[in-house]
Amino acid sequence: MQKTFGGMPNMEFVIDSDGTLLASWEWANPKQLKEFLEKKVGPSGISDEEWKEISKKEPMLVSLKDNDEVPGTEVPRPALSPLEVNLIAEPGDEKPPFTLKAGTLPPEVTPGGLSRIYLTVTPDEESGLNFDKKVGSVIHLAEAKGIELQKDKILAGVRRSGVDIYPHTVAVMWSRDEGAKDMEFVATVVALMAKEEEPSQELKASFRVSGPVPEIKRSMDEILSGQLPAKEKLMELKCSPTGKEKSPISIDAAIFHDQANPGQGMIYLFLKVDAPGGFEWNNLASPPEVKLKPISGIELEKNIILAGKRSGSEDKEDRILAFWWKKEKGAKKIVLDVTPTVWVCSHKEGWCRRFEVSYRITGDI
């Protein structure tokens, strides 16, 4: 789990075979966990000397300055389309001590019509080798077909402490060649790797990455709550209605800064229906649509974003819409007008009708 979530600190839970929660800690605490399990299950078989050695290991930290690495918690995994990765090797070549996985966002979802490919390099546990934490891995990109890559070399971060057994995920921006339906390129991974207490050696392997260019779906503007970045990565924006008309909907907004690409990121809109007031979304009508009008501070790639079509006739769930922004040169504040057009039903009053109300969003960049 820790590898999956990028080596970040995790909460801990102890659950028995019946699914009952026995204990939990807000932060992973090996000592507490060991003591709890020894009381519940029995001695661990780990000597005091072994435990002292285990406890010396520091958590892994990553320097994300001046490189292309993306923290594991910021990789939009549910939105990625997987790409096929095949090792390029001659008969008799040794298997590399790492694997490569790739996935891409749909085209034209970022400012300027660009998109992003995510490449993850993971040490092969069977090899017993780890990345050299003092030197980040390098991935060279070449022979691109169907797309134009914005870089030919991408860099992973340097680990500042801890044994480096964790994957590196790096990202590169791309644009589609006109009319292209498929993409292909070669990724050559160069990594320094070693077993503990042994000198590092430079290892290299090339992979052919390929797959269809994902189709742009109009419902891609809506996301699931599980696709949101961690709460501490979001900064709340102020939303104020600009008209006097009462509406059964409200909007909250938050901004996210992309560490891999300073000066741009995502804005998330949370459309809420007044459920306590007896209102529900009318899913038989058109899905919610939001018009965007930047006033100052940012540029947008889209001026209309859409929620997805729901299968049920009505519901009260929030709609979370997301869109990319790019900072204007020298800007420190954002001013943006949003106008949602939604269909809402009131069972108390016996009607379904269309609402269009404007809000002004402001905040610091």
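The values are calculated or read from the model by the stated rules, or taken from the named source; none is laboratory data. Computed from a prediction, not measured in an experiment: that's the story for all the values here. When we count neighbours, we look across all protein chains shown, and the Cβ atoms used for this are built from the backbone with ideal geometry, even at glycine.
The table that follows gives values for the structure above.
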| read-out | value |
| --- | --- |
| Search result, residues across region 334-359 that are over 30 Å from GLN264 (Cα atoms) and either in contact with a Lys or Arg (Cβ under 6 Å, 6 or more places away or on another chain) or aliphatic (A, V, I, L, M) (or both) | TRP343, VAL344 |
| Selection status of SER206, in contact with an Asp or Glu (Cβ under 9 Å, 6 or more places away or on another chain), of a type in the set (S, T, N, Q) and either in a strand (DSSP E or B) or at pLDDT 90 or above (or both) | no |
| Elements of type strands (runs of 3 or more DSSP E) in region 77-152, at least 3 residues being out of contact with any Asp or Glu (no Cβ under 7 Å at 6 or more places or on another chain), more than 18 Å from MET266 (Cβ to Cβ) and at pLDDT 85 or above | 81-88, 98-104, 115-123, 138-145 |
| Residue in region 285-303 that is farther than 23 Å from SER115 by Cβ, in contact with a His (Cβ under 7 Å, 6 or more places away or on another chain) and surrounded by fewer than 16 Cβ atoms within 10 Å (Cβ to Cβ) present | no |
| Meets criteria (crowded, with 20+ Cβ neighbours inside 10 Å and modelled with pLDDT of 85 or more) for PHE270 | no |
| Count - residues of region 308-337 that are free of Cβ contacts under 8 Å to residues at least 40 places away in the same chain, part of a strand (DSSP E or B) and either surrounded by fewer than 16 Cβ atoms within 10 Å (Cβ to Cβ) or within 24 Å of the chain's Cα centre (by Cα) (or both) | 2 |
| Single condition SER206 does not satisfy, out of (1) under 25 Å from the mean Cα position of the chain (by Cα); (2) of a type in the set (Gly, Ala, Ser); (3) surrounded by fewer than 19 Cβ atoms within 10 Å (Cβ to Cβ) | (1) |
| Counted residues, region 244-285 - those being under 13 Å from PRO340 (Cα atoms) and not in a strand (DSSP E or B) | 2 |
| Residues being surrounded by 18 or more Cβ atoms within 10 Å (Cβ to Cβ) and either at pLDDT below 80 or not polar (S, T, N, Q) (or both) - total across region 156-172 | 11 |
| Verdict on PHE279 being crowded, with 19+ Cβ neighbours inside 10 Å, hydrophobic (A, V, I, L, M, F, W, C) and assigned by TED's automatic domain parsing to the domain that holds PRO96 | no |
| ASP182, sole failed condition from (1) loosely packed, with under 14 Cβ neighbours inside 10 Å; (2) within 22 Å of LEU203 (Cβ to Cβ) | (2) |
| Any hit, region 55-63, residues being of a type in the set (Lys, Arg), under 27 Å from LEU141 (Cα atoms), at pLDDT below 75 and exposed (fewer than 13 other Cβ atoms within 10 Å of the Cβ) | no |
| Of all residues in region 22-54 being surrounded by 10 or more Cβ atoms within 10 Å (Cβ to Cβ), among the polar types (S, T, N, Q) and not in a helix (DSSP H, G or I), the one that is modelled with the lowest pLDDT | ASN29 |
| Flag for GLU232 being over 16 Å from PRO107 (Cβ atoms) and either surrounded by fewer than 11 Cβ atoms within 10 Å (Cβ to Cβ) or not assigned by TED's automatic domain parsing to the domain that holds LEU83 (or both) | yes |
